[in-house]
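See below for the structure under consideration.
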Amino acid sequence: MLRRINKLWPLSWLLVLPLVGALSVWAFRTQDMYRDLALRNLGDNRLGGLTLQQAGSLQLRYLLNSARLGIQSAIGNPATGHLPAVHVFMQTSDMARLDEARPGSGQNYVDARLFNVDEFDKVKVRYRGDFAVHWGFFKRSLRVKTKRSDLFYGLRRVNLIAPKASFLYSNHVGYELAHLVGMMAPRSAMVALYVNGEYRGIHLLVEQISETLLRDQYRLPGDIYSGEQLYGLDVWYGLDRQLFESAGLWRKTAINNHYPPEHNAPLKALIRAVRSGDQQVLRTLIDYEAFAQFSLWEQLSLSRHIDNMHNWRLYFDPGRGRFYPILWDGMPWWNSWLPPDWKTDWTPPPQARNSKLMQVLFEDEQFLEVRNSVVKAFVASGGPKAVREMVTHLNQYLTPTLEWEPEILDAKNRWVTPAESQQRMKDNELLVDLILDQLVLETTIDQNLETDATSDPSTEEALIWSGDMLIEEDLVVSSPLIIRAGTAVRLGEGVNLTIRGKLLVDGTQENPVSIEGVGNQGFGGIIIEGRKANGSSLNWLSISGGSGWKTEMRNYSGMLSIHEVEDLRLTHCSLSANRDFDDQLHVVYSSIYISDCTFEDAAFDAIDLDMSEATIVNSQFNSNGNDGLDLMGSQVIAEGLIFRNNADKGISVGERSVLDIGNSQFTGNQVAIQIKDDSLVSGHHLGFAGNQKSLDAYAKNWRYGSGGFGVFCGMMPNEPRPDFTQGKHSSIQFAETCPVVTSLPEHEKEWVKQKIRESKDG
């Protein structure tokens, strides 16, 4: 035996040397990690500080896993083909700059390349995230910023986040849940991230919340407030970190450009109401249905991650004057939320109240009634089935890739094996069943509160105006209002009239109704807003000499502003000679029918339609200071219109609008029809004369990723084809004959889209 040992001893270095090498690598990586996450951060566990033992243990698991993956790679390629691949390329020196600056590297970008469809786009990249799980280990969270001309699937700022839950898809399922219950939430996807060709594992791709999200979800650009005051790099230490105690703890991530960037009056009003528990004010400031959806989301997700100190994103809608929650970093079904016995003897809590705001709302019976309706509607519409199918799909989708993960860590920097992660995914199916069964059980119990009959507008007694009416100070009318034929309403200088009930203007051709200022003095604005005004009808009405109204909270830009009203009719009306503000008629989040009306001598735009639907027939737009008709995110059917001598466009079709227009004339305008920003126009039997330009299509706002598209047919007899210009990512096409339209606008939209596809292919 001794002789054999002596013979083999000279060869022992073949065993010892690899072992020493492995130990050396382990020791070097351990001390490097300990330096980065403990010494550099002074052992602050809030930023990711850890002990030397923890660093050693993590590095040992990483080296063993790397060896396993190396053996697997020799057999076959990583099983990631079914995941969307995201490829980022950086110079070694730039990667070193990010690593050396941790955790502060989340503040500065370096140059990089991103493979985008079929080319390598120049982008900026940085690490993101306050805590070490994002930037301290092998899988690192990145934020990518593209050029405006090279959006990545319609996004300019994209987060590639290293998941911090053992089952990887926690936040992704949160965003999907939000969409299912009707909440606003960013787009997200689970992707396979490669850096310089090296597989870095499954990451969550999620858009950065910004104005782009608002526009994509057909919301007016407005303020988005971010509340983050738990721990981390952006916290104001030494101050009370309770978000609903001070507006100064919030910052803006999107801005309503009608106010200065520092303006935060809506947020201050909200926090005052939350602090005082003023439910009456909260009912005016908060969209109860949207927050009821958020409450349902909290119940489905079991989340406690959106609390008094972090992860709040609030959007103040300038058109509705109310706050809406936007989901961010909710962390559904996180292990920390679950008791140890949840699989055997546990009932999911029916309602979550994780913040002061939600606690106050749950004290309001009106909110509870709305929440009850939202939950019942979700169950009745098949929401539970959709949630189950989503979770099952995600489990099947991600399971094959788990064996190839270079690193699976949870938020406590604990290594999770692929088998543990897979088991947690399976557990989620049981967890979802428990939650949904509890939710369905709730809906079997009638919790609806009795509705006061007086809240029904049809039961309210109408206010009647007739003769000569003089209004010398701001007036709000909440009841139904009837204005008799022949009535003359005069408003004092700067006076505003707000109508929040159903309005009937009962003018006739012989006895029209008029609204104007006193003498030569201009009045403020006329506002019709809210669901109680649905079905309002304005007939034979003339309005002139007004402007608009701007307060600390709201900006009503029209002489006549219509906000959040369905089925309003405007017939045989005349609007003229407004002053100072942007629009004669401003329509927001509404549906309107306009017939036989005249809009002339506007200071700027005659009609501005934002996120609305309209039918406009037999009407004229004459000598207006800017556009005759301006569309943003709207759908319009128009017939028999005349646009004459408007200083800018006859019609401006922008920001993902759809217009079908026929049998109309454009004379003496700077541009007859301009199409931009992913908008569609279908035009037939149109006449153009004396315009500086007839048709123009181009890309103006980078957020939409494309320009304008138009298809025109059946031009006026004996008239040449109208002149036109088309910019990049835009198209204007002409057809000899028009389609037989049986259904508008969907049939027409499909025909337009088909023509656009033909133009691109040809």
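The values are calculated or read from the model by the stated rules, or taken from the named source; none is laboratory data. What you see is a predicted model, and the numbers here were worked out from it, not measured in a lab. Cβ coordinates were reconstructed from backbone atoms using ideal geometry, including for glycine residues, and neighbour counts include every protein chain displayed.
Across the stretch 264-281, the qualifying residues are those that are closer than 11 Å to Y225 by Cα and not hydrophobic (A, V, I, L, M, F, W, C), and the one among them that is surrounded by the most Cβ atoms within 10 Å (Cβ to Cβ) is P266.
The single residue among D630, D601 that is closer than 25 Å to D678 by Cα and touching a residue at least 12 places away in the same chain (Cβ under 8 Å) turns out to be D630. In the stretch 344-363, the residue that is surrounded by the fewest Cβ atoms within 10 Å (Cβ to Cβ) out of those that are of a type in the set (D, E, K, R) and in contact (Cβ under 8 Å) with a residue 12 or more places away in the chain is E363.
Considering only residues that are farther than 16 Å from V158 by Cα and in a loop (DSSP other than H, G, I, E, B), look in the stretch 173-198 and name the one that is modelled with the lowest pLDDT. The extreme case among them is G197.
Can you tell me which residue in the stretch 199-227 is farthest from Y153 (Cα to Cα), limited to those that are assigned to a strand (DSSP E or B) and of a type in the set (A, V, I, L, M)? Among those residues, the one meeting the criterion is I224.
Taking the numbered list (1) under 29 Å from the mean Cα position of the chain (by Cα); (2) not in a helix (DSSP H, G or I) in turn, T347 passes all entries but (1).
Among the criteria (1) in contact with a Pro (Cβ under 9 Å, 6 or more places away or on another chain); (2) modelled with pLDDT of 75 or more; (3) assigned to a helix (DSSP H, G or I), the one Q72 does not fulfil is (2). So, P406, is that one buried (at least 17 other Cβ atoms within 10 Å of the Cβ), at pLDDT below 90, assigned by TED's automatic domain parsing to the domain that holds R283 and more than 20 Å from H305 (Cβ to Cβ) or not? Spelling it out, P406 is indeed buried (at least 17 other Cβ atoms within 10 Å of the Cβ), at pLDDT below 90, assigned by TED's automatic domain parsing to the domain that holds R283 and more than 20 Å from H305 (Cβ to Cβ). Selection of first residues in the stretch 167-178 that are within 18 Å of R414 (Cα to Cα) and of second residues that are charged (D, E, K, R) and at pLDDT below 95, restricted to Cβ pairs under 7 Å at least 6 apart or on distinct chains, gives the following pairs, ordered by first then second residue: F167/R424.
When K676, K649 are checked against the criterion of being within 21 Å of D601 (Cα to Cα) and either touching a Gly at 6+ places or on another chain (Cβ under 9 Å) or among the hydroxyl-bearing types (S, T, Y) (or both), K649 stands alone in meeting it.
Suppose the filter is out of contact with any Asp or Glu (no Cβ under 9 Å at 6 or more places or on another chain), assigned by TED's automatic domain parsing to the domain that holds L267 and under 26 Å from W312 (Cα atoms); does E369 pass it?
Answer is yes for this residue.
Of all residues in the stretch 98-112, how many are in a loop (DSSP other than H, G, I, E, B) and either modelled with pLDDT of 85 or more or of a type outside the set (D, E, K, R) (or both)?
Selection size over the stretch 98-112: 5.
Can you give me the number of residues within the stretch 581-608 that are among the charged types (D, E, K, R) and either more than 10 Å from S557 (Cβ to Cβ) or touching a Lys or Arg at 6+ places or on another chain (Cβ under 6 Å) (or both)?
Count: 3.
Taking first residues from the stretch 423-448 that are exposed (fewer than 14 other Cβ atoms within 10 Å of the Cβ) and partners that are modelled with pLDDT under 95 and basic (K, R), the Cβ contacts under 8 Å between residues at least 6 apart in sequence or on separate chains come to L430/K343. Residues that are in a helix (DSSP H, G or I) and closer than 18 Å to R554 by Cβ within the stretch 248-270 comprise A265, P266, L267, K268, A269, L270, listed in sequence order. Considering only residues that are in a helix (DSSP H, G or I) and touching a residue at least 24 places away in the same chain (Cβ under 8 Å), look in the stretch 403-422 and name the one that is nearest to A192 (Cα to Cα). Once the filter is applied, the top-ranked residue is S421. The condition (being in contact with a Pro (Cβ under 9 Å, 6 or more places away or on another chain), modelled with pLDDT of 95 or more and surrounded by 15 or more Cβ atoms within 10 Å (Cβ to Cβ)) is satisfied by just one residue among F367, F323: F323. A residue that is assigned to a loop (DSSP other than H, G, I, E, B) and at pLDDT below 95 occurs somewhere in the stretch 502-519.
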